[in-house]
Amino acid sequence: MKTKIYDIANHVRKSIALYLATNKLFFAYLVLSILGTILLRVFTVGNPLSIKPLFVDIAFILMIGAIGYLIKNTKRFAFYMICIIIYSLAEFINHIYYIFYNSFASFGELAGLSQAETVTGAIYEKLVPLNFIYWIIPILFLIVYHKLSKTSYFTIMAKVEKNKKMFLTTLGVGGLFLLYSLTTATSTDYSRLAKQWNRGAIVERFGIIMYQGNDLIQTLRPRISSLFGYEDSATLFKEFFTSDENKYDKKNKYTGILDGYNIIFVHMESIGSFLMDLKFNDVEVTPTINKLAKEGMFFNNFYPQVSSGTSSDSEFTLLTSLLPVSSGIVFTSYYDRHYTTIPKLLSEKGYHTFSMHGNYASMWNREKVHPLLGYQEMYFRDSFEIPDKEDKDYINLGISDSAFYKQALPKLEAIEANYDHYMGTIITLSNHSPFQFLDKYGEFDLSTSYIDENGILQKTDYLSDTAVGKYIKSAHYADVSLGEFINYINASNSFNNTVFVLYGDHDAKLTRKEINELYNMNPKTGELYTIDDEEYIDYNSFEHDLNKNTPLIIWSKNKTIQNKLHGTVSYPMGMVDVMPTLGNMLNIKNDFVLGHDIFNIKNNNIVVFPNGNFLTNNLYYNGSSEKYYITKLGAAIKQDYIDECKSYAELRLDVSNAIIVHDLIYNEGPTLYSSEIHGSEESKNE
């Protein structure tokens, strides 16, 4: 018996040895390809050796690699090299993408790459040598090939290799890995895979190769056939908007309070709310925003709901009360759909609508999108005098905020002189990453003082050279420029019946590590505090996500409005809630909103983020890790509550995606309501 076992073991050992000896090139391809996927998880979601994603990655690497056995021995290296380069490229792109968006890239967003023409500096700023580690893998594979070429390996292989057998065996082994992975997946795993919006969870469960392949399928589906999944989407749409719980007709004390007033949205680039709490040497970082918050109505628990479209996602979500699309970017992939928007609804009430931005009209495809959103007049870069790059009024992507506001003011006054009612959006530019133009931001002292061990007062400036320090200086400059604009508004004879709605479009896209330097840098040593230090602040991943809220302020110099709209509103609120909240004040109604009038729903609101995370008055939930962070002291959280909130979030993500992909407001909306679908015929004719 022992002899038989020994013979079997010896046979297995020899078989493995023979396999490795005669498949060195394939084995190098396999090991190096797996290494790349592990490295990606190391630098993104963590858990690099987690069995579930590892098995799926191995499965696809094996099955794709099996094709190599059907290719001539002399050309097999080229096939494997192409595969490795594709894997490395995907890993490199997703690593960079994760730094910016804490998520993974989508083929549908490649259309947005044309928008990078003016923001490449932000990308370069984030790049470090470590990001290029994936390109070592094809180099290593090339080295292996050259070493094998100097031996008789390929000559021997041409004689002894059984290509078809190796193809079937390798394919079969890969299939077994995949079968195991699929049979152990849960219904939640499959739901995420089908919906694609929780990308981090998909990569954590199925690996990067399956995620990217699935994303390609999801991206192509609506483009291959606009009818793909249409019936299910239409049914979902009808059921959602005919449900009594999704009808928002309730009035409150703010109903009609702004009816007939002019509206100007001020889109404040990358302004985070945490800036409002910062002082350096007794000087506020954002004195203007702080002042407006005290004079107007300030929403201090307000969150943009952006995906990879960043600023364009904020514009879209604010004007439509829909969420960003799960794959792609609305402004580049789905801009030609029919949306009910604030500009369209106010146009029907006789308002003149316009937008202003000092950047190129092509940025985020605005030259095509803005007319379809209902803006009648647009002022882009060619409407402004752009200074030379060496000029102090040329900052980052173009015209500085200070110069932009100064040139915008006569245009705004002309609009007021020519139109009884107007609504517009002015989009700022200077406070866009990278925040590196320190010589143009003006002086802002970030230094701090401390008493050393000898009792002597010392002064240090440890923040100025950090990413968060540069951002603070940039934001202060933007606030000062806004202050100049507001001072002119107050001094002008115009704008007496104008309400300004100021909002931060998204956070600064700084990493947790970068912002942690603000909270945990020891001014005496220039090193970070540790958990054992009394001054240490636990700035964890949940705190970082919660720190991405931005200001939302409704302000007017009109004292009547100031008396009616003032104070701090602390209900959790998302960008989708702006339209129904303001719509009630303006006496306009959109039948197809996903948000709420915040003064009706109050603390019962659930802020849904495009990645599946959500925020309530009690907690912040991370859909990828399925963990939550209690935000309300003493809140008792039950699983039923979590499940209800998850269902709420998933339904709204599904409904929003269905509306955008299948143009359901235009195609199905008229069957739900007898009222006209605002602007759809005009958009169709365009």
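The values are calculated or read from the model by the stated rules, or taken from the named source; none is laboratory data. It should be emphasised that the depicted structure is a prediction, and the values quoted were computed from it without experimental measurement. All Cβ positions, glycine included, derive from the backbone under ideal geometry; neighbour counts span all protein chains shown.
Structure summary
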item	result
Among residues of region 272-290, those that are part of a loop (DSSP other than H, G, I, E, B) and more than 20 Å from ASN487 (Cα to Cα), counted	4
Qualifying residue in region 510-517 (condition: on the phi < 0 side of the Ramachandran plot, surrounded by fewer than 14 Cβ atoms within 10 Å (Cβ to Cβ) and either under 16 Å from the mean Cα position of the chain (by Cα) or not polar (S, T, N, Q) (or both))	yes
Residue pairs meeting the criteria (Cβ under 6 Å; at least 6 apart or on separate chains; first free of Cβ contacts under 8 Å to residues at least 60 places away in the same chain, in region 191-215; second surrounded by fewer than 21 Cβ atoms within 10 Å (Cβ to Cβ) and acidic (Asp, Glu))	none
Residue that is under 27 Å from GLY46 (Cβ atoms) and among the β-branched types (Val, Ile, Thr), where the choices are VAL655, VAL608	VAL608
Residue match in region 384-395 (condition: in the same structural domain as ILE342 (by TED's automatic domain parsing) and on the phi > 0 side of the Ramachandran plot)	no
Failed criterion for THR530 (all others in (1) touching a strand residue (DSSP E or B) at 6+ places or on another chain (Cβ under 7 Å); (2) outside the structural domain of LYS250 (by TED's automatic domain parsing) hold)	(1)
All positions within region 367-402 that are among the aliphatic types (A, V, I, L, M) and modelled with pLDDT of 95 or more	VAL369, LEU372, LEU373, MET378
Residues within region 27-44 that are touching a Phe, Trp or Tyr at 6+ places or on another chain (Cβ under 8 Å) and buried (at least 21 other Cβ atoms within 10 Å of the Cβ), tallied	7
Unmet criterion (only one of (1) in contact (Cβ under 8 Å) with a residue 40 or more places away in the chain; (2) more than 19 Å from VAL607 (Cβ to Cβ)) for TYR503	(2)
Selection status of ILE606, aliphatic (A, V, I, L, M), in contact with a Phe, Trp or Tyr (Cβ under 6 Å, 6 or more places away or on another chain), surrounded by 12 or more Cβ atoms within 10 Å (Cβ to Cβ) and assigned by TED's automatic domain parsing to the domain that holds SER570	yes
Helices (runs of 4 or more DSSP H) (entirely within region 1-114) containing at least 2 residues that are at pLDDT below 85, among the small types (Gly, Ala, Ser) and farther than 30 Å from ILE515 by Cβ	2-22
Test: residue in region 199-214 that is in a helix (DSSP H, G or I) and more than 34 Å from the chain's Cα centre (by Cα)	no
Those residues of region 594-644 which are assigned to a loop (DSSP other than H, G, I, E, B), modelled with pLDDT of 95 or more and over 20 Å from the mean Cα position of the chain (by Cα), in sequence order	HIS596, ASP597, ASN605, ASN617, ASN618
Sole residue being of a type in the set (Ser, Thr, Tyr), surrounded by fewer than 22 Cβ atoms within 10 Å (Cβ to Cβ) and modelled with pLDDT of 95 or more, chosen from THR340, THR353, THR288, THR317	THR288
Among the candidates GLY374, GLY358, residue that is in the same structural domain as PHE331 (by TED's automatic domain parsing), buried (at least 19 other Cβ atoms within 10 Å of the Cβ) and under 27 Å from TYR441 (Cβ atoms)	GLY358
Within region 423-526, strands (runs of 3 or more DSSP E) holding 1 or more residues that are of a type in the set (Gly, Ala, Ser) and assigned by TED's automatic domain parsing to the domain that holds GLN305	498-504
Test result for LEU582, under 16 Å from LEU323 (Cβ atoms) and of a type outside the set (Val, Ile, Thr)	no
Scan of region 171-208 for residues that are among the β-branched types (Val, Ile, Thr) and more than 16 Å from ALA105 (Cα to Cα), ordered by number	VAL173, THR183, THR184, THR186, THR188
Test: residue in region 559-576 that is touching a helix residue (DSSP H, G or I) at 6+ places or on another chain (Cβ under 7 Å), among the aromatic types (Phe, Trp, Tyr), modelled with pLDDT of 95 or more and part of a strand (DSSP E or B)	no
Scan of region 525-553 for residues that are buried (at least 19 other Cβ atoms within 10 Å of the Cβ), within 26 Å of SER103 (Cβ to Cβ) and out of contact with any His (no Cβ under 8 Å at 6 or more places or on another chain), ordered by number	PHE542, ASP545, ASN549, PRO551, LEU552
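Residues checked against (1) of a type in the set (A, V, I, L, M, F, W, C); (2) more than 21 Å from SER355 (Cα to Cα); (3) surrounded by fewer than 15 Cβ atoms within 10 Å (Cβ to Cβ):
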{"position": "TYR477", "(1), (2), (3)": "no, yes, no"}
{"position": "TYR488", "(1), (2), (3)": "no, no, no"}
{"position": "PHE495", "(1), (2), (3)": "yes, no, no"}
{"position": "VAL501", "(1), (2), (3)": "yes, no, no"}
{"position": "ASP507", "(1), (2), (3)": "no, yes, no"}
{"position": "PRO523", "(1), (2), (3)": "no, yes, no"}
{"position": "LYS557", "(1), (2), (3)": "no, yes, no"}
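The rows are residues; the columns are (1) touching a residue at least 12 places away in the same chain (Cβ under 8 Å); (2) surrounded by 23 or more Cβ atoms within 10 Å (Cβ to Cβ).
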residue	(1), (2)
PRO53	yes, yes
ALA59	yes, yes
ILE67	yes, no
LEU70	yes, no
PHE79	yes, no
CYS83	yes, no
ILE86	no, no
TYR98	yes, no
